[in-house]
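To start, the structure under review is shown below, and the notes come after it.
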Amino acid sequence: MALDARLRLALAGLAPATPFVWGSSPKPGNLSFPLKATSASLSSANAPAPPPPPPIVVVGSANADIYVEVDRLPLVGETVAARAGRSLAGGKGANQAACGGRLATGATYLVARVGDDANGRLLEDALADAGGVRLDRVARAPDAPSGHAVVMLMPDGQNSIIIVGGANMEGWASGIGPEDLDLIRQAGVLLLQREIPDWVNVQVAQAAKDAGVPVILDAGGMDAPVPGELLSLVDIFSPNETELARLTGMPTETFQQISQAAEACHKMGVKEVLVKLGSQGSALFIEGEKPIRQPIIPAAEVVDTTGAGDTFTSAFAVALVEGKPKKECMRFAAAAASLCVQVKGAIPSMPDRKSVTDLLESVQVEQL
């Protein structure tokens, strides 16, 4: 089923997230959008409010990020002093959920595993404080520590990251619960990354595909080929140019090379490839169509790029669930990423919807 058709089904199929009754009613066959009044006698004040879009569901990782600010990376055998250090909540799954929680008009759920430890409580508290993220499906793994990461932040805002999987990799021994699968089947979009086991991603992606729910896979995470079984279930594959080069074995230094690497992904079975290009913006390659390019929306100051890719992917998903055209989805995502890089930390840097809307409006005024 084509992605747009799946999205129309998903948009049609879920009542507001609160109250929420699992498996309560079948998905209606027709999509109903609120229409503008065509007569002066029709009062918008009396018109019923449109229902919120179906939820965004993120299945993925949650890490306690240990930030160290350094002037440069140490050489082999060398010790360098950090200018500052602190612990913050992160992980690609948690980042995307936090961003969705702040931007989406409907609900955003995170399905994840954390340890029964201090870092697990740090993660739960940070996500609760982020606002908008439903944590009903975040479970504590009793026999594994919470995942964590060391983020080495350079003065120009670039970073190098080392992750330790912990509960993200070891906490799924009991499998995916029926409540999680029910939630996924009623989602507007399913967001995945590669900081959890591939078999988990395959299982939840299969549930989404069977229900007509679009699946977006962020390529970040494991430095290993993406299983063909997983790619066959993905509607939109979203790597950055480095990940695209690694996964295809092709150069990605020019736009032509990036286009050729995206074509290789099409041959692997992925119809749409959304490539994050850093300072060069982004590009969406839809099989058989002309690429859609989106330049960056320049940031006033780049402080920390950690979480910028997750912000972009999540913001794109938010706009997609709301039925926006792909070009508009990319513009919305570019604005969110621009705001993200201006604040230190992953989850603390996620922008709210008003900030993104205000930035887009200001950019539009400047372009007139």
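The values are calculated or read from the model by the stated rules, or taken from the named source; none is laboratory data. All values reported here derive from a predicted model rather than from experimental measurement. Here Cβ is always computed from backbone atoms with ideal geometry, including for glycine, and neighbour counts include all displayed protein chains. Heavy atoms of the whole protein, side chains included, go into the accessibility calculation; ligands, DNA and RNA do not. Shrake-Rupley method; radii C 1.70, N 1.55, O 1.52, S 1.80 Å.
Brief remarks follow.
- Bridges between two residues of the chain, per DSSP, are antiparallel at a rate of about 40%.
- Just so you know, the averaged projected area of the alpha carbon convex hull for segment 204-256 sits at 4.1 nm².
- For the peptides 287-299, 115-127, the ranking by packing is 115-127, 287-299, with the highest mean count of neighbouring Cβ atoms within 10 Å listed first.
- Calculated P(r) of the chain - Cα pairs past 35 Å, %: 21
- Relative pair counts by distance (%), Cα atoms of segment 220-368, 10 Å bins: 11, 41, 35, 13, 1
- Anisotropy class assigned to segment 133-283 is oblate, per the alpha carbon gyration tensor with a/c at or over the 1.5 cut-off and a/b no larger than b/c.
- Packing-based ranking of 83-90, 175-182 yields 83-90, 175-182, ordered from highest to lowest mean Cβ neighbour count within 10 Å.
- What a 1.4 Å probe finds exposed on the chain is 55% carbon and sulfur by accessible area, rounded to a whole percent.
- Across segment 70-80, coupling constants 3J(HN,Hα) worked out from phi with the 6.51/-1.76/1.60 Karplus curve, θ = phi - 60°, read 10, 6, 7, 6, x, 7, 4, x, 9, 10, 10 Hz, and Gly and Pro carry x.
- Net charge of the neighbourhood of Ala107, taken over other residues with C-beta under 12 Å away and scored Lys/Arg +1, Asp/Glu -1, is +1.
- In percent, rounded to a whole number, the relative contact order of the chain is 16, using alpha-carbon pairs under 8 Å and six or more apart.
- DSSP-defined beta bridges in segment 144-232 - what % are antiparallel, rounded to 5: 60
- Using the 1.4 Å probe convention, the accessible area of the chain works out to 45 Å² per residue with neighbouring protein chains retained.
- Normalised size of segment 229-284, defined as Cα radius of gyration per 2.2 N^0.38 Å with N residues, equals 1.02.
- Ranked by the mean number of other Cβ atoms within 10 Å of their residues, highest first, the peptides 226-238, 97-109, 151-163 come out as 97-109, 226-238, 151-163.
- Cα radius of gyration and Dmax for segment 143-228 (Å): 15.1, 46
- Number of Lys-Lys pairs in the chain with C-alpha atoms under 19 Å apart and a separation of 8 or more places or on different chains: 17.
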